[in-house]
Structure formats: C-alpha cells, structure tokens
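Q: Have a look at the structure that comes next, please.
The values are calculated or read from the model by the stated rules, or taken from the named source; none is laboratory data. Bear in mind that the values here come from a model prediction, so they are computed numbers and not experimental data. Don't worry about glycine lacking a Cβ; one is built from the backbone with ideal geometry, like all the others, and counts go over all protein chains shown. These accessible areas exclude ligands, DNA and RNA; they are computed on the full protein's heavy atoms, side chains included. Shrake-Rupley method; radii C 1.70, N 1.55, O 1.52, S 1.80 Å.
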Amino acid sequence: MAKALYIDYQKCTGCRLCELVCAVSHDGISNPARSRIRVIKWEAEGLYIPMSCQQCQEAPCMNVCPVKAISRDEEMGRVYVDYDVCIGCRACVGVCPFGAMSFNTIDKKVLKCDLCDGDPQCVRFCEVKAVDFVEADEVCILKSRNAAERVSAAGKEASALEAQL
Amino acid sequence: MDFYSIVEGPLLWIVSLVFLAGLLIRLSFFLCSIIISNNRNEEKGQIYTISTLGRFFLPLHKASTKKPFYTALRYIFHGCLFVVPIGLSGHIVLWTESRFEWDWTALPDTWADWMTLILLGFAAYFLVRRLILTNLRRSSSILDILLILITALPFLTGYFLAHGTLDSMAFLGDNMVIIHMLSGQLMILMALFLFYKPRLNIQACTGCASCVQNCPTETLEANDKGSLRIFSYAHFQCICCGSCVSVCPEGAAELRHEINAKRFLQVFSKREIRSVELEACERCGAYFAPEPQMGQIGLIFASDCIKCCPNCRKTKMGERLHQMSPWHRSPKESDETLKTDSPCR
C-alpha cells in the first residue's frame, strides 16, 4: 500500500527546516524558494501550516498537461512529472488549486513533491513530526485517534475544573 | 564594354565575393552570439546547441511530421533548388571553360528539365497558397511574395533558355540570358539576407512560453514586464532547429523565411514578436500567468481557487484547513487576523 504525507500542523513549530532540506536534497541549493514544501505562517496567531502537494487522485495538473508528462504512480501513491516529456508550459502551475507546484526558471522545470522516491527528507528532518510519512489508509485512523485523544483530554480537563469548583 | 559583359564578368565576381564574405560574416556573428548567450544549456553544452543546427531539416523531426505533405513539398523544392544549378550540364560547361577549369558529372538533361518544372510548379503552389489562405496572406508581407518570385525567376528563364521557347519574341528573346544571370545573382544576394523568423500565431498562442524554455540558443525570450509578457527574438541566433515548432502544444509556433537587409547589421538587437496579457491575482494583485492560458485551464478545471497566484492559493488553503479544524477558536476574531496578516510571498 502506498504511503502519504500526513501533516499535523498543530505540531509545526515553523522552523522551516523542511523547506531547506527539500531544496538541498533535490537541487543541492539551500534556497527555500526551490522547495516543494512550504510553511505558511501567521505569526500573530502562532499558526504554521506546511503545505505540500496533495498527490490528488484525479489530479488537475495531470488532466491539464498538454503533453501528458504528469501521471499517477499508484505504487508510490504520487503524481509524478516525467521531466523528459515536460515542455515547461506551466499549465500545471496555473491549475494547481493548492499552489503546490512552482516553476524554476533556472532549470526550466516545474517543482513538485515527488515524495523523494519513498523516503521524504522533510519527514526525516522534521523533529516534531509535524510532517509524517504514513500508510495512506492509516491517515484517517491517525486523525480520528488524535481527535479522540483530544476529546478525552478536554473531558478530563473539564471534570478537573468542575472538581475545583 | 556592353551591359552583357559587365553582368557576365565584373558583376558576377562582385556578387560571388560579396556572397562569400557575407557568409563568413554571418557565420562569425552566429558563433559570437551563440558563445555569448549560451548559458542556458549548461547541462547539455554548446555541442548540443550546435548539433541542433538545422535539425528542422531532418525529415523525421517532430516539427516536420506535424505537416507531412507540406514538409515533403518543401524538401523536394529545396532539393531541386540546389541540385539543378549545380548539376546542370550547361553550367558545368561554363565552369570548365572558366579559369578554374572545374568539371564534375552533370545531371541528365531530362532530369534537370523535370526538376526545374517541379520546382516551378511548387513555387507556383507556394505563391497561390500564400495568396489564397487568409491566415497566411494577412501575416505575410510583400517581401515574402518577392522571395518566391525571385527564387523562381532564374529557373523560369533558364528553362526558356534551354528550350528556346521565347527566342522568337523580340525583347525577351534577346535579353533572356541577361535576365537569367541578373535574377540568379539577385537570388544569391538575397540568400545572404535570408533569416529565420519564429512566429507565434496570435489566435492559437496561449503565452505559455514553452518555446522559450526549449529554445537551445536563447533566440526566443520572454520577459514579464508589468501586466505583459513580451516575447522577443534575436535573428542571428536562430539556427532553425524547429524546437519551438515541435514543442508548441497549440501548434502556434512557426518558422518562416524573412528577407531583411537591415537585420544584417543589427547583430545583437532583439525584436518583439508578441505580447500577452498576464492575469492578476485576486488577492495580492501579482501577475502570475498569461490570460489565454488561464482561460484554457478554466475550460478543464473551472474553480474559484485558480483565480489567485500559487502563493495565495497556499495561504487560502491553509486558512480553510485551519477554519475547518477543531482548534479554530472564535472564528470571527481569527478570521480578521488571518485576513490582515496573511502572508503572500
């Protein structure tokens, strides 16, 4: 079964190490602008959300590509760009509703998360595991488990407060 | 010294020397501009760039296979154009009689006749096609038509000379040789000022700049200036590799001949060939993609999401994600902060 990136943004500290690691491991340049994963920050709220490619099942980038350079790789559970076929028209950059693709004018190639061929470096370097790499069918279980934990914690907190009163 | 001997003697020398010198100058300009500007294909190197020289002429090139019939015509036409003047027995006799005393195997006369007729037929076809097709007529200038006429004229007069068809006519019969030689010399001179010009069809081009990304010599360039993406090209750098034609997903790119004597001296100048409006982001106002391309994308994936730039999309999606989550307390208050504080890089 394919694995997927599981982003739990509540854990994210906004250190942006994932951006640097991504750019270095793909392009050998320590430049966050070349990163496939981007952390969107609202400093006032202390809210940091890492945004990356969602590897959509019915990917708009795949449908819009005029030369069919983008295809789904079911084995890896990713949407994959074949750079030999890609002509650099940037239609995929224009269509992605998540803004997950960008264009690198130096190499004349689009940037897109390729899950590092099964070993995502952002996951490896994320200390708090705000970005995690889990089995795709486990994502919903993990999410419901997290929610359940939080509900029970809230319940305990509430009863503790009640006891104080 | 009468006019005939001038045309035959000094003028021929002048034309040939000018042609040879011009070729050398063009070659050096071309090499200069390639060496100066070739930093894009560092990965593949300058040898790759030079290997793409004239790739457009390979019969199995992708750009050629897009229009097989027209390509075949073009091949035969250009083949005849070179083979007939070089292989004609009448011309070889002149070479042998000259001070060089060069001699080579002649083309059989019947072949030469047929090839000339084929060439003339195709030239007529190209001319009629250019005059009849509205699209072509609008986009071609008088020089394009002159180009075909001047190319055909030496062959036409040569054919008449070889067969003596018009010898009975007073003026033409007497002066056919002069017309033949003059038009031939004109054709040679014209070849010197012949450039390739990439064209982007306004109706079909979406402004995606794939042609620019794939141009091995940086002939084509696209610059985003304000709300416009401006395409320009450097005529000396074009090596007629046909990358732009083969890569264009809309079939909007074309390569054409262009005669322009002025261009010869404007070595490093760039000329604008097309400008496309860019679409502005709904949120931050940054220009992010050409309008025709976004219109085309809208046909496949219609959504409000794609009305803002990729960076704002991330922000928007992040906001949405946060608003849906159970930790999103006091929605009104944080909504405001989210809006005022939204980062947009």
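Q: Here are B:PHE171, B:PHE126, B:PHE155: which of them is farther than 30 Å from B:MET294 by Cα and exposed (fewer than 14 other Cβ atoms within 10 Å of the Cβ)?
A: Details: B:PHE126 fails: exposed (fewer than 14 other Cβ atoms within 10 Å of the Cβ); B:PHE155 fails: exposed (fewer than 14 other Cβ atoms within 10 Å of the Cβ).
None of the other options fit; the residue is B:PHE171.
Q: Restricting to region B:216-227, name every residue that is over 19 Å from A:GLY88 (Cα atoms) and touching a Phe, Trp or Tyr at 6+ places or on another chain (Cβ under 9 Å).
A: We begin by selecting, within region B:216-227, every residue over 19 Å from A:GLY88 (Cα atoms); these are B:225-227.
The answer is B:GLY226, B:SER227.
Q: Oh, and also: Using the structure shown, decide if A:VAL110 is in a helix (DSSP H, G or I), within 12 Å of another protein chain (Cβ to nearest Cβ), surrounded by 12 or more Cβ atoms within 10 Å (Cβ to Cβ) and touching a Ser or Thr at 6+ places or on another chain (Cβ under 8 Å). Please lay out each step first, then the result.
A: Working: in a helix (DSSP H, G or I): no; within 12 Å of another protein chain (Cβ to nearest Cβ): yes; surrounded by 12 or more Cβ atoms within 10 Å (Cβ to Cβ): yes; touching a Ser or Thr at 6+ places or on another chain (Cβ under 8 Å): yes.
So A:VAL110 does not fit the description; no.
Q: Give region B:253-296 a look and list any residue that's of a type in the set (Val, Ile, Thr) and either in a strand (DSSP E or B) or under 19 Å from B:LEU200 (Cβ atoms) (or both), or say none. Don't jump to the end; show me each part of the working.
A: Taking region B:253-296 and keeping what is of a type in the set (Val, Ile, Thr), we get B:259, B:267, B:273, B:276.
Scanning region B:253-296 gives B:ILE259, B:ILE273, B:VAL276.
Q: Give region A:125-144 a look and list any residue that's open to solvent by 70 Å² or more (accessible area, probe 1.4 Å) and either more than 14 Å from chain B (Cβ to nearest Cβ) or touching a helix residue (DSSP H, G or I) at 6+ places or on another chain (Cβ under 8 Å) (or both), or say none.
A: A:PHE125, A:GLU127, A:LYS129, A:ASP137, A:GLU138, A:CYS140, A:ILE141, listed by residue number.
Q: While we're here: Here is a list: A:ILE7, A:ILE49, A:ILE29, A:ILE40. Which entry is open to solvent by 40 Å² or more (accessible area, probe 1.4 Å) and facing another protein chain (nearest Cβ under 10 Å)?
A: Working: A:ILE49 fails: open to solvent by 40 Å² or more (accessible area, probe 1.4 Å); A:ILE29 fails: facing another protein chain (nearest Cβ under 10 Å); A:ILE40 fails: open to solvent by 40 Å² or more (accessible area, probe 1.4 Å).
Exactly one of A:ILE7, A:ILE49, A:ILE29, A:ILE40 is open to solvent by 40 Å² or more (accessible area, probe 1.4 Å) and facing another protein chain (nearest Cβ under 10 Å), namely A:ILE7.
Q: Further, regarding this structure: Specify the residue that is surrounded by the fewest Cβ atoms within 10 Å (Cβ to Cβ); the eligible residues are those in region A:55-94 that are of a type in the set (Val, Ile, Thr) and facing another protein chain (nearest Cβ under 10 Å).
A: Start the filter on region A:55-94 by keeping residues that are of a type in the set (Val, Ile, Thr), which leaves A:64, A:67, A:70, A:79, A:81, A:85, A:87, A:93.
Checking the rest, the ones that are also facing another protein chain (nearest Cβ under 10 Å) come to A:64, A:67, A:87, A:93.
On the way: A:VAL64: 21, A:VAL67: 14, A:ILE87: 22, A:VAL93: 23.
Result: A:VAL67.
Q: Check whether at least one residue in region B:86-108 is closer than 17 Å to B:TYR70 by Cα, out of contact with any strand residue (DSSP E or B) (no Cβ under 8 Å at 6 or more places or on another chain) and open to solvent by 50 Å² or more (accessible area, probe 1.4 Å), and report yes or no.
A: In the first step, residues of region B:86-108 are kept if they are closer than 17 Å to B:TYR70 by Cα; the result is none.
No - not one qualifying residue is present in region B:86-108.
Q: Considering region B:297-312 alone, what residues qualify as being open to solvent by 70 Å² or more (accessible area, probe 1.4 Å) and either outside any loop (DSSP other than H, G, I, E, B) or touching a His at 6+ places or on another chain (Cβ under 7 Å) (or both)? Break it down into steps so the answer makes sense when it comes.
A: In the first step, residues of region B:297-312 are kept if they are open to solvent by 70 Å² or more (accessible area, probe 1.4 Å); the result is B:299-300, B:302, B:304, B:307.
Matches in region B:297-312: B:LEU299, B:ILE300, B:ASP304, B:LYS307.
Q: Let me ask something additional. Quick check, is A:PHE98 more than 16 Å from the chain's Cα centre (by Cα), within 14 Å of chain B (Cβ to nearest Cβ) and not in a helix (DSSP H, G or I)?
A: Working: more than 16 Å from the chain's Cα centre (by Cα): no; within 14 Å of chain B (Cβ to nearest Cβ): yes; not in a helix (DSSP H, G or I): yes.
Taking the combined requirement at face value, the residue does not satisfy it.
Q: A:CYS122: open to solvent by 20 Å² or more (accessible area, probe 1.4 Å), more than 9 Å from chain B (Cβ to nearest Cβ) and either touching a strand residue (DSSP E or B) at 6+ places or on another chain (Cβ under 8 Å) or modelled with pLDDT under 90 (or both), yes or no?
A: On the way: open to solvent by 20 Å² or more (accessible area, probe 1.4 Å): no; more than 9 Å from chain B (Cβ to nearest Cβ): yes; either touching a strand residue (DSSP E or B) at 6+ places or on another chain (Cβ under 8 Å) or modelled with pLDDT under 90 (or both): yes.
Considered against the rule, which asks whether it is open to solvent by 20 Å² or more (accessible area, probe 1.4 Å), more than 9 Å from chain B (Cβ to nearest Cβ) and either touching a strand residue (DSSP E or B) at 6+ places or on another chain (Cβ under 8 Å) or modelled with pLDDT under 90 (or both), A:CYS122 comes out as no.
Q: Return yes when A:VAL93 is closer than 22 Å to B:ALA253 by Cβ and not aromatic (Phe, Trp, Tyr) and no when it is not.
A: Details: closer than 22 Å to B:ALA253 by Cβ: yes; not aromatic (Phe, Trp, Tyr): yes.
In short, yes.
Q: Output yes when any residue across region B:12-29 is surrounded by 14 or more Cβ atoms within 10 Å (Cβ to Cβ), assigned to a loop (DSSP other than H, G, I, E, B) and either modelled with pLDDT of 80 or more or on the phi < 0 side of the Ramachandran plot (or both), and no when none is.
A: No, every residue in region B:12-29 fails to be surrounded by 14 or more Cβ atoms within 10 Å (Cβ to Cβ), assigned to a loop (DSSP other than H, G, I, E, B) and either modelled with pLDDT of 80 or more or on the phi < 0 side of the Ramachandran plot (or both).
Q: Considering region B:258-278 alone, what residues qualify as being open to solvent by 60 Å² or more (accessible area, probe 1.4 Å) and charged (D, E, K, R)?
A: Matches in region B:258-278: B:LYS262, B:LYS270, B:ARG271, B:GLU272, B:GLU277.
Q: Failed condition for B:GLY251, given (1) within 11 Å of chain A (Cβ to nearest Cβ); (2) more than 14 Å from the chain's Cα centre (by Cα); (3) surrounded by fewer than 18 Cβ atoms within 10 Å (Cβ to Cβ), with all others met?
A: Every listed condition holds for B:GLY251 apart from (2).
Q: Further question on the same structure: Restricting attention to region B:149-178, which residues are of a type in the set (Val, Ile, Thr), closer than 22 Å to B:ALA124 by Cα and part of a helix (DSSP H, G or I)? So that I can check it myself, show each step before the final result.
A: First, the residues of region B:149-178 that are of a type in the set (Val, Ile, Thr): B:150-151, B:157, B:165, B:177-178.
Now drop any that are not closer than 22 Å to B:ALA124 by Cα, which leaves B:150-151, B:157, B:165.
Of everything in region B:149-178, those that are of a type in the set (Val, Ile, Thr), closer than 22 Å to B:ALA124 by Cα and part of a helix (DSSP H, G or I) turn out to be B:ILE150, B:THR151, B:THR157.
Q: Taking region B:115-144 on its own, how many of its residues are over 20 Å from B:TYR75 (Cβ atoms) and hydrophobic (A, V, I, L, M, F, W, C)?
A: Here the count works out to 5.
Q: Here's a check for you: in region B:193-206, which residue that is assigned to a loop (DSSP other than H, G, I, E, B) and within 14 Å of another protein chain (Cβ to nearest Cβ) is surrounded by the fewest Cβ atoms within 10 Å (Cβ to Cβ)? Before you say what the answer is, go through the steps one by one.
A: Step one: filter region B:193-206 for residues assigned to a loop (DSSP other than H, G, I, E, B), giving B:193, B:201-206.
Then drop every residue that is not within 14 Å of another protein chain (Cβ to nearest Cβ), which leaves B:204-206.
Details: B:ALA204: 13, B:CYS205: 23, B:THR206: 25.
Per the stated criteria, the residue is B:ALA204.
Q: Can you find, within region B:207-237, the residue that is nearest to the other protein chains (Cβ to nearest Cβ) among those that are touching a strand residue (DSSP E or B) at 6+ places or on another chain (Cβ under 6 Å) and assigned to a loop (DSSP other than H, G, I, E, B)? I'd like the intermediate steps shown before the answer.
A: Keep residues of region B:207-237 that are touching a strand residue (DSSP E or B) at 6+ places or on another chain (Cβ under 6 Å), which gives B:207, B:209, B:211-212, B:219-223, B:227-233, B:235.
Now narrow it down to the ones that are assigned to a loop (DSSP other than H, G, I, E, B): B:207, B:209, B:219, B:227.
On the way: B:GLY207: 10, B:ALA209: 7, B:THR219: 15, B:SER227: 16 Å.
Looking at residues that are touching a strand residue (DSSP E or B) at 6+ places or on another chain (Cβ under 6 Å) and assigned to a loop (DSSP other than H, G, I, E, B), I get B:ALA209.
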